[in-house]
Amino acid sequence: MKSIYSLCLVTGAAGAVGSIVGQIAKIKGCRVIGFAGSDDKVEWLEKDLGFDKAINYKTSDVASALKEAAPKGVDCYFDNVGGEISSVIISQMNMFGRVALCGSISSYNEDASKMPKASILQPSIVFKQLKLEGFIVSRWFDRWHEAFAEIVQWIHEGKLVVREHVTEGFDNIYDAFIGMLAGENTGKAVVKV
Ligand SMILES: NC(=O)c1ccc[n+]([C@@H]2O[C@H](COP(=O)([O-])OP(=O)(O)OC[C@H]3O[C@@H](n4cnc5c(N)ncnc54)[C@H](OP(=O)(O)O)[C@@H]3O)[C@@H](O)[C@H]2O)c1
């Protein structure tokens, strides 16, 4: 089925979830833009995964880079990071756009009492009549077999590229976890024990 959404955006794009989401959006016929935190990740997304555009959010002005990459606005946003970047992206969404809220890694170490007020985003959400929905993987347990079948087929067909960032040894679990939060992984962070 072709997607009715022309421009899809994903943050945390070079991570385990984001890299798959972006590729599935491409398979479904969307134009896809990803945000990631290094030039190597940006190159991987564009050259190996077929993203139409990837942007290093650490070295770019997110608002102007996004305006340039998506002059007609964003129709669909898969949010892995929350925080400031997501506020900017949501403010550049089109009418009736859709947002899947998957994670907010940018704020996992934040003091909740100091987080920005949701009211900053409210005008965009209300006036553009956006639809925001939380995404929890466990809700879809009963359809995992469908996803596995399709994903495995796409991998065999070369349509979907998967990558793992492997850390060796049980004793290195802590470092692997902190490294993942700091963006050391490209693709799925795993620990081999
Ligand atoms: N809802 C669910 O069912 C579900 C299930 C699994 C995971 N999740 C969530 O999905 C998100 C992605 O998970 P994942 O397993 O695929 O992790 P991941 O993307 O493989 O790893 C985390 C990545 O987040 C990026 N990051 C860290 N701090 C950031 C910040 N302040 N702003 C922007 N990006 C930042 C880093 O990449 P950069 O180099 O690009 O900064 C890092 O590599 C997480 O928020 C996770 O909690 C949700």
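Quick notes
- Ranking of 192, 128, 114 by solvent-accessible surface, largest first: 114, 192, 128 (1.4 Å probe, protein heavy atoms only, all chains present).
- Spherically averaged projected area in nm², based on the convex hull that wraps the Cα atoms of the range 1-51: 3.1 nm²
- Spin-label model, residue 153 to residue 95: label points 7 Å out along the Cα-to-beta-carbon direction sit 3.7 nm apart.
- Scanning residues 5 or more positions from residue 76 or on other chains, those with amide H under 5 Å from its amide H are 7, 9, 98, with H placed 1.01 Å from N in the peptide plane.
- Pairs spanning more than 26 Å between alpha-carbon atoms, out of 26/72; 159/188; 28/53; 26/192; 28/72; 28/131: 26/192.
- Whole-percent pair-distance distribution, where bins are 5 Å wide, for the alpha carbons of the chain: 1, 7, 15, 19, 21, 17, 12, 6, 2, 0, 0
- Farthest toward positive dipole pole in the range 117-193 [+1 Lys/Arg, -1 Asp/Glu at C-beta], among 169, 190, 155: 155
- In a fully extended conformation the segment linking residue 146 and residue 162 would gain 4.0 nm over its present Cα-Cα distance, using 0.36 nm per residue.
- Theoretical ellipticity at 222 nm over the chain - DSSP helices of four or more residues, -39500 (n - 2.57) apiece, nearest 500: -9000 deg cm²/dmol
- Dipole in debye (nearest 20) - the chain, about Cα centre, beta carbon charges: Lys, Arg +1; Asp, Glu -1: 820 debye
The values are calculated or read from the model by the stated rules, or taken from the named source; none is laboratory data. These numbers come from a predicted model, not from an experiment. Because the Cβ atoms are built from the backbone with ideal geometry, glycine has one as well, and the counts that use them run over all protein chains shown. Calculation scope for accessible area: heavy atoms of the full protein, side chains included, ligands and nucleic acids excluded. Shrake-Rupley method; radii C 1.70, N 1.55, O 1.52, S 1.80 Å.
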